[in-house]
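A short worksheet on the structure shown next.
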Amino acid sequence: MRRDAQRNREALLAAAREVFAASGLDAPLDEIARRAQVGNATLYRHFPDRAALVEAVFHERLTSTRRAGEEARARDDAWAGLTDYLEGIFAGLASDRAANDLMTTGIRGVPSLDALHVHNRETVGTLLSRAQEQGVVRDDVVAEDLLFALAALGRVVPASAGVVPGAWRRYLALLLDCLRAEAARPLPAPALTPDQLGRVLNDLGPHAAPGSR
């Protein structure tokens with residue numbers, strides 16, 4: 001790649017990281033090109049579609065998350081491995097709107113993301129089964145139960161982060177405690193006030209569940 005082409009590519013990737021983090025993966029590609037100070041044609045020469053750009057921007061991050069899953073599976077204490085793994089993922093969801101979109105919505109044509117979804121399901125399933133064998137988790141829970149609840153919780157994280165940063169920690173802890181076979185542990189953050197909850201749900205827009213306000 002010529003030096004000027006390499007510079008343009010790096011500028012596009014840097015701009016995409018900023019724009020995606022602030023506005024999500026649906027952000028206009030025109031804005032990314034403008035911020036990188038290149039034309040749209042240059043953007044499409046490097047990245048023929050949105051999926052290709054997402055793959056290039058997030059490949060390293062997605063690969064890192066897979067490594068975190070491997071480390072969690074290697075823990076002797078399956079419950080500690082599961083909770084630490086999920087807390088790490090949710091910390092990323094709270095800090096970067098694009099990361100939230102990646103993990104909680106369906107985006108086709110991103111090979112690293114497809115691989116991570118498969119790996120994440122295996123990680124959650126493996127750790128959950130081992131925690132049940134170790135007598136920590138109730139026997140009637142399956143991986144899909146947890147993944148469903150995590151996806152629902154994950155979608156509200158960006159809105160809650162704008163109102164009460166760190167509030168997600170309370171609700172993740174509450175969700176995980178519902179799985180435990182032993183007594184619940186103290187929740188690490190206070191509950192949202194009615195006003196705060198209303199602001200969070202309003203920020204979700206028209207897709208908030210009926211009757212949830």
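Any idea which residue in the stretch 122-174 is farthest from L25 (Cα to Cα), counting only those that are among the polar types (S, T, N, Q) and surrounded by fewer than 21 Cβ atoms within 10 Å (Cβ to Cβ)? Break it down into steps so the answer makes sense when it comes.
Residues of the stretch 122-174 among the polar types (S, T, N, Q): 123, 126, 129, 132, 134, 160.
Those left that are additionally surrounded by fewer than 21 Cβ atoms within 10 Å (Cβ to Cβ): 126, 129, 132, 134.
Numbers: T126: 30, S129: 33, Q132: 37, Q134: 40 Å.
Step by step, filter the stretch 122-174, then rank; the result is Q134.
Can you pull out the residues in the stretch 153-187 that are over 23 Å from D96 (Cα atoms) and either in a helix (DSSP H, G or I) or of a type in the set (F, W, Y) (or both)? I'd like the intermediate steps shown before the answer.
Residues of the stretch 153-187 over 23 Å from D96 (Cα atoms): 177-187.
Answer for the stretch 153-187, where residues must be over 23 Å from D96 (Cα atoms) and either in a helix (DSSP H, G or I) or of a type in the set (F, W, Y) (or both): just D177.
Residues in the stretch 76-91: is at least one outside any helix (DSSP H, G or I) and more than 17 Å from the chain's Cα centre (by Cα)? Talk me through it step by step, then tell me what you get.
The initial filter retains those residues of the stretch 76-91 that are outside any helix (DSSP H, G or I), namely 76-77.
With the extra rule that they be more than 17 Å from the chain's Cα centre (by Cα), the set shrinks to 76-77.
Yes, there is a match, as at least one residue in the stretch 76-91 is outside any helix (DSSP H, G or I) and more than 17 Å from the chain's Cα centre (by Cα).
Going by the structure shown, is E70 part of a helix (DSSP H, G or I), assigned by TED's automatic domain parsing to the domain that holds L153, touching a Leu at 6+ places or on another chain (Cβ under 9 Å) and of a type in the set (D, E)? Even if it seems obvious, please write down each step before you answer.
On the way: part of a helix (DSSP H, G or I): yes; assigned by TED's automatic domain parsing to the domain that holds L153: yes; touching a Leu at 6+ places or on another chain (Cβ under 9 Å): no; of a type in the set (D, E): yes.
So E70 fails the test.
Screening R155, R199, R185 for residues that are basic (K, R) and closer than 20 Å to V124 by Cα leaves exactly one candidate, R155.
The values are calculated or read from the model by the stated rules, or taken from the named source; none is laboratory data. Keep in mind it's a predicted model, so treat the numbers as computed, not measured. Here the Cβ is made from the backbone with ideal geometry for all residues, glycine too, and neighbour counts use every protein chain on show.
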